[in-house]
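Chemist: Just dropping this structure here.
Taken together, the values in this text are just the output of simple stated rules run on the coordinates, not laboratory data. These numbers were taken from a predicted model, which means no experiment stands behind them. Cβ: placed from backbone, ideal geometry, glycine included. Neighbour counts: every protein chain shown.
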Amino acid sequence: MRHVALLILTAAVLSACAEKSRDELSASEFETLMQTVAEGWNASDARKAADCFTEQAIYTEPPDKQIYKGRDALFKFFGGDEGRKEPMKMTWHHLVFDEKKQVGAGEFTFEYGGKVHGIVIVKVTSGKISNWREYWYESALDWERFTGENKF
């Protein structure tokens with residue numbers, strides 16, 4: 001009886017693993033993906049950042065402030081072959097990821113001719129970012145002063 005229970009448990013675990021697509025990311029893989037986007041931006045490497053997105057990715061700042069569709073458009077937006085005129089700096093403060101839904105979020109500070117603090121919600125498809133929706137607030141304050149009494 002004990003062997004039967006062990007076989008059933010083993011089969012259930014193997015079945016659950018088989019259901020997970022090899023293209024689905026774990027939370028740590030999501031963090032690596034998001035850090036790679038930041039590294040690309042911080043190094044003025046538009047290709048490195050753009051390659052984190054699917055061919056048909058959509059990147060928006062709702063409702064219609066920014067809309068970029070496709071990896072090629074993102075490559076150009078991120079600076080293209082020439083890079084941006086001024087350096088960019090992306091710092092992630094918190095990254096969270098729902099492995100089942102392949103949806104994640106990150107709280108960030110971004111500097112490019114000014115400083116903004118914000119949040120992005122992303123959908124991952126086949127191991128890359130397919131949807132990016134960002135919301136941000138312009139502020140000259142550093143992250144610690146910006147978050148005030150609500151630090152975590």
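Chemist: Can you put ILE58, ILE121, ILE129 in order, fewest other beta carbons within 10 Å first? Mind dumping the intermediate values first?
Modeler: Numbers: ILE58 18, ILE121 13, ILE129 24.
Ranked by crowding around the Cβ, least crowded first: ILE121, ILE58, ILE129.
Chemist: Specify which residue in the list ALA50, LEU25, TYR137 is farthest towards the positive end of the charge dipole of the chain, using unit charges on the beta carbon of Lys, Arg (+1) and Asp, Glu (-1), about the Cα centre.
Modeler: LEU25
Chemist: Moving to a separate point now. Given charges of +1 on the Cβ of Lys and Arg and -1 on the Cβ of Asp and Glu, with all other atoms neutral, how large is the dipole of the chain about its Cα centre, in debye to the nearest 20?
Modeler: Details: 20 positive and 24 negative charges, 70 e Å.
The calculation lands at about 340 debye.
Chemist: So what is the 222 nm mean residue ellipticity for the chain from helices alone, if each DSSP H run of at least 4 adds -39500 (n - 2.57) and you divide by all residues, rounding to the nearest 500 deg cm²/dmol? Write out the running numbers ahead of the final one.
Modeler: Numbers: 5 runs with 51 residues, N = 152.
Only helices count here, giving -10000 deg cm²/dmol.
Chemist: How large is the convex hull of the C-alpha atoms of the chain per residue, in Å³? Before the final figure, lay out the partial values.
Modeler: Numbers: hull volume 20.8 nm³, N = 152.
Convex hull of Cα atoms, per residue: 137 Å³.
Chemist: Where does helix 2-19 land angle-wise versus the long Cα axis of the chain, in degrees 0 to 90, nearest 10?
Modeler: Between helix and principal axis, roughly 30 degrees.
Chemist: Further question on the same structure: Using only the alpha-carbon atoms, how far is helix 27-42 inclined from the longest principal axis of the chain? Give it as 0 to 90 degrees, nearest 10.
Modeler: The helix 27-42 is inclined about 20 degrees to the chain.
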